[in-house]
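So the structure is just underneath, and the comments pick up after that.
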């Protein structure tokens, strides 16, 4: 049985729950270990967790992790650069996956309803949808995935995404 056929047989909720559990578990385990041992979370650990949090199939509250790292006293510019770099790298993968996988597989993973809703947003508001989803703690990876599926301009995706992410993390730097 091919990979695509196997993915089509897995219930969508199973994939979503597994992704959410993986992201939250990874974040919880790494933060718990750091807090229990009294050690700071390293920039390498932050980078890995932040990258994973921007993949469309892993749901993770990366903004909380960023604030945690700021509160530990990590260099703001290093943290800011790592946050932008890892988020954009993960979003490039999300975009590529949207382009590569069949609509059937993607619909199975994120659901027809979410796909249609995000498609309408992108068709109606274009890059501003990507900007708002990257600026706010919303599910920007799914929007980027859908943008890849509809072959939305890669250049526009990364311009709006970069500006949204840069502003979000800039505001978090100022607040915390």
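Residue 119 - would you say it is in a helix (DSSP H, G or I) and under 19 Å from residue 67 (Cβ atoms)? For residue 119, the condition - in a helix (DSSP H, G or I) and under 19 Å from residue 67 (Cβ atoms) - is not met. If you go through the stretch 101-116 and pick out every residue that is part of a helix (DSSP H, G or I) and touching a residue at least 40 places away in the same chain (Cβ under 8 Å), you end up with 7. Filtering 142, 110, 93 for residues that are buried (at least 21 other Cβ atoms within 10 Å of the Cβ) and closer than 30 Å to residue 77 by Cβ leaves a single hit, 142.
Scanning the stretch 135-171 for residues that are part of a helix (DSSP H, G or I), at pLDDT below 95 and within 16 Å of residue 50 (Cβ to Cβ) yields 140, 141, 144. When the test is whether a residue is modelled with pLDDT of 70 or more and either crowded, with 18+ Cβ neighbours inside 10 Å or within 13 Å of the chain's Cα centre (by Cα) (or both), residue 62 passes it.
The values are calculated or read from the model by the stated rules, or taken from the named source; none is laboratory data. On a predicted model such as this, the values are computed, not experimentally measured, just so you know. Virtual Cβ from ideal backbone geometry, glycine too; neighbours counted across all protein chains shown.
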